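The values are calculated or read from the model by the stated rules, or taken from the named source; none is laboratory data. The structure presented is a predicted model; accordingly, all values stated were derived computationally and were not measured. Neighbour counts run over all protein chains shown; Cβ positions are idealised from the backbone, glycine included. The accessibility values were calculated without ligands, DNA or RNA, using every heavy atom of the protein model including side chains. Shrake-Rupley method; radii C 1.70, N 1.55, O 1.52, S 1.80 Å.
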Amino acid sequence: AQLRYSVPEDREPGTSVSDLAKDLGVEVRSLAARNLRLVSEGGQRHFQVDLAAGMLLLDSRLDRETLCGQSLTCSLHLQLVMENPLQLHRVEVDVLDVNDNAPQFPKPEVVLEITEVANPGTRLPLEVAEDPDMGSNSISTYELSPSQHFALSINVRGDGVKMPEIVLEKALDREKVAVHHLTLTALDGGNPVKSGTAKVTIHVLDANDNPPVCDPPISKVYLEENVPVGTLVAKLNVTDLDEGPNGDMEYSFKISNNSPGKFIKLFSLHPRTGEIRTKDPLDYEESSAYEIAVRVRDKGSPAMEGHCHLRVELIDINDNSPEIVLTSLSSPVLEDATLGTVIALIGVKDDDSGDNGQVRLQIAKELPFKLVSSFKEHFSLVTNGPLDREKASGYNITVRAVDSGSPQRATQKTFYLQIADVNDNAPNFSSPFDTAHVQENAFPGTSVFSVSASDPDEGSNAKLTYSILHNGMQDVPISTYFRIDQDNGTIYTVRALDYEQDKVFQVPVEVKDAGSPALSSTAVVHVFVLDENDNAPTIVYPSVPTGSAFHQTIPALAEPGYLVTKIVAIDADSGHNAWLSYQLQETAEALPFHVERRSGEIRVAQALRESEDPHRLVVEVRDNGTPSLSTSVVLVISPEENSVQDFSKSLDLPKSSPMDTNLTLYLIISLVSISLVSCVMFAVVAARCL
């Protein structure tokens, strides 16, 4: 927004200029919180802001003439910057002129000469009085003290300056009055009126009675500011009706306090021809016009002079490149910033005028930003698309300013905008399902597996913490079996595992970042317990107390191949660790029996002798593990004459074929069953996770 105020130049410091809080439409108590600050263009501080009252106050006494000189308008430009949200307001304060200066002539006494043969109507130019005030407070008119021979005439110059001249109304007679004393008074238009005076002494001379005359007395020329040095500006047209030395003229610049002589550095005047040429480069931005006063004096005795006034107005050329000013930049900006968020405030200026000073700003179209014109020569850079720090962590934004001159002039400025991270990405595991193996009976604290997750965010939003969830699938909480390092995701055992109790565990792992709000994801690690040979075989039949022997009678005439009994054993381990073999321990003498290695059947190996004593056999059952574990049973076999029995009934075992006695087949069937159960479990877990 743009605010405009006015204040007279003579006000004391602390004078209230405006109620900023009311004009801005904000509450007074919010000004301090929004860090309202005042920026003066040009670096001079003339105003201050009372944050407690919300008022714009004068900081120093203003002098319009010092600030703006002879400019018709006098404006001071300020910028008000507020944050949260970031806003820029342009303030323009017009300094009003006060009639605080009286007119003053360059010299308190002016001496003029006029020939006695001068005709009525002859004009004698006078010095123009100076009044630093402007408008109605500047010089309004001139007055001349009463005289029988002279009157006052006032001409208006091209720039509006009133030029007094004394006009001869009645012929002079030097012999009667050789010197005339007059008083010239300059009056301004203020209220009350102020004035200044100068004494005018006119000496009446004899002889040369025709002064040089400019035609026209006031002229104007237009000149481009980039013309080369030595360019002809104008050739003055001056005539003198006299002849000889009285008509021979010499030209010179006329300098007064009202017409500063800085044009002398830029222009040259030929004293004989009256040609005015440039002698230094011109600059429209330094001054757009020059008032040149020329005095033309003849060589008569006494010499007579005329005055020419030439106004040189420069035509602006596009010789200045635009200037980009970065007023404010909000960096970094959050990646979730909404469309239209103000990123930067940018000002632009061009010292040229007209189309040459009209500037437009451009940025690359592929950037997610756009420029919005706030007011004249001020722009806001706002977001025009979504930001994603994971794709672009920052932008080098190049702002290009191009004017409308011909040829165009351009400049550019590049600044870096950092994008701040927002926790908008959940951590991701490298795999949602993983498989690990661990030996049973491994020591607590054994490393089982390491899960790994990544998060494209940064800082605390990417700091990951791992934990184990309770999935409810085990009767005992999974945390009693495993723990996880929250920093690196390594899973350790909490206690020794027993394959015979639990063959597989599902360990649900959650990874969570440290953002706000925190985001997380899960994965499942299937931990398979590997069997160890930690169980010795157990003899199921015959069931004999420890330290006792099993007694078995057989017919005394039993032939070789006769089935004496069968040792039945089992092993809690699995796989190779559960493969059992049976053998007889060696004795000093050969026994008439042998045991089937796989089935455990004890048969008669050779014919028995009559009246043979009982035989003591030690049967050892050994598994296939590493190292191998074993157990044994003692059998006492007694041959008897009348012992006829059905062994299958005595054992209360079903009759079996040779295939039924093959323990290897049982083991294969067990392995296949365990595999099928595992596949079904995996399918159920996968379905639940999906």
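Here is the figure for the range 365-384: residues that are at pLDDT below 90 and of a type in the set (G, A, S) total 2. The residue of the range 483-507 that is most open to solvent (accessible area, probe 1.4 Å), among those that are of a type in the set (D, E) and closer than 22 Å to T465 by Cα, is D487. Listed by position, the helices (runs of 4 or more DSSP H) enclosed by the range 1-85 that each have at least 1 residues that are within 26 Å of S373 (Cβ to Cβ) and open to solvent by 30 Å² or more (accessible area, probe 1.4 Å) are 20-24. For the range 168-194, filtered to residues that are surrounded by 16 or more Cβ atoms within 10 Å (Cβ to Cβ) and either over 60 Å from the mean Cα position of the chain (by Cα) or among the aromatic types (F, W, Y) (or both), the residue that is farthest from G306 (Cα to Cα) is L187.
Looking only at the range 136-146, count how many residues are open to solvent by 40 Å² or more (accessible area, probe 1.4 Å) and not in a strand (DSSP E or B). Counting residues in the range 136-146 that are open to solvent by 40 Å² or more (accessible area, probe 1.4 Å) and not in a strand (DSSP E or B) gives 2.
Is it the case that some residue within the range 508-524 is under 28 Å from S670 (Cα atoms) and open to solvent by 40 Å² or more (accessible area, probe 1.4 Å)? No. Would you confirm whether or not the range 193-202 contains a residue that is of a type in the set (K, R) and in the same structural domain as T115 (by the TED database)? Within the range 193-202, one or more residues are of a type in the set (K, R) and in the same structural domain as T115 (by the TED database).
So if I check each of G160, G230, G190, which one is outside any strand (DSSP E or B) and free of Cβ contacts under 8 Å to residues at least 24 places away in the same chain? Result: G160 is the single residue among G160, G230, G190 that is outside any strand (DSSP E or B) and free of Cβ contacts under 8 Å to residues at least 24 places away in the same chain. Within the range 241-256, residues that are more than 27 Å from E291 (Cα to Cα) reach no partner that is assigned to a strand (DSSP E or B) and among the basic types (K, R) with beta carbons closer than 8 Å at six or more positions or on different chains. Checked against the criterion of being under 14 Å from T538 (Cα atoms) and of a type in the set (A, V, I, L, M), the candidates V636, V568 yield just one match: V568. A count restricted to the range 86-106 and to residues that are of a type outside the set (D, E, K, R), open to solvent by 30 Å² or more (accessible area, probe 1.4 Å) and closer than 21 Å to P192 by Cα stands at 5.
I'm trying to understand the selection: among the residues of the range 372-394, which are surrounded by fewer than 20 Cβ atoms within 10 Å (Cβ to Cβ) and hydroxyl-bearing (S, T, Y)? Of everything in the range 372-394, those that are surrounded by fewer than 20 Cβ atoms within 10 Å (Cβ to Cβ) and hydroxyl-bearing (S, T, Y) turn out to be S373, S374, T383, S393.
Annotation: of all residues in the range 572-602 being open to solvent by 60 Å² or more (accessible area, probe 1.4 Å) and outside any loop (DSSP other than H, G, I, E, B), the one that is modelled with the lowest pLDDT is H576. Criterion applied to L667, L651, L663, L671 was being under 20 Å from Y541 (Cα atoms), open to solvent by less than 80 Å² (accessible area, probe 1.4 Å) and either in the same structural domain as H551 (by the TED database) or at pLDDT 60 or above (or both), and the one residue passing it is L667.
Among the criteria (1) free of Cβ contacts under 8 Å to residues at least 40 places away in the same chain; (2) farther than 30 Å from G340 by Cα, the one S71 does not fulfil is (1). When G306, G300 are screened for being part of a strand (DSSP E or B) and either surrounded by 15 or more Cβ atoms within 10 Å (Cβ to Cβ) or of a type in the set (V, I, T) (or both), only G306 passes. The residues listed here are P555, P560; of these, the one that is free of Cβ contacts under 8 Å to residues at least 60 places away in the same chain, over 60 Å from the mean Cα position of the chain (by Cα) and more than 30 Å from S450 (Cβ to Cβ) is P560. Scoring P432 on the criteria (1) within 33 Å of the chain's Cα centre (by Cα); (2) of a type outside the set (A, V, I, L, M); (3) open to solvent by 20 Å² or more (accessible area, probe 1.4 Å) leaves a single failure, condition (1). The single residue among D283, D351 that is of a type in the set (D, E), part of a loop (DSSP other than H, G, I, E, B) and in contact (Cβ under 8 Å) with a residue 60 or more places away in the chain turns out to be D351.
Listed conditions (1) farther than 21 Å from V333 by Cα; (2) modelled with pLDDT of 90 or more; (3) open to solvent by less than 30 Å² (accessible area, probe 1.4 Å) are all met by Q412, apart from (3).
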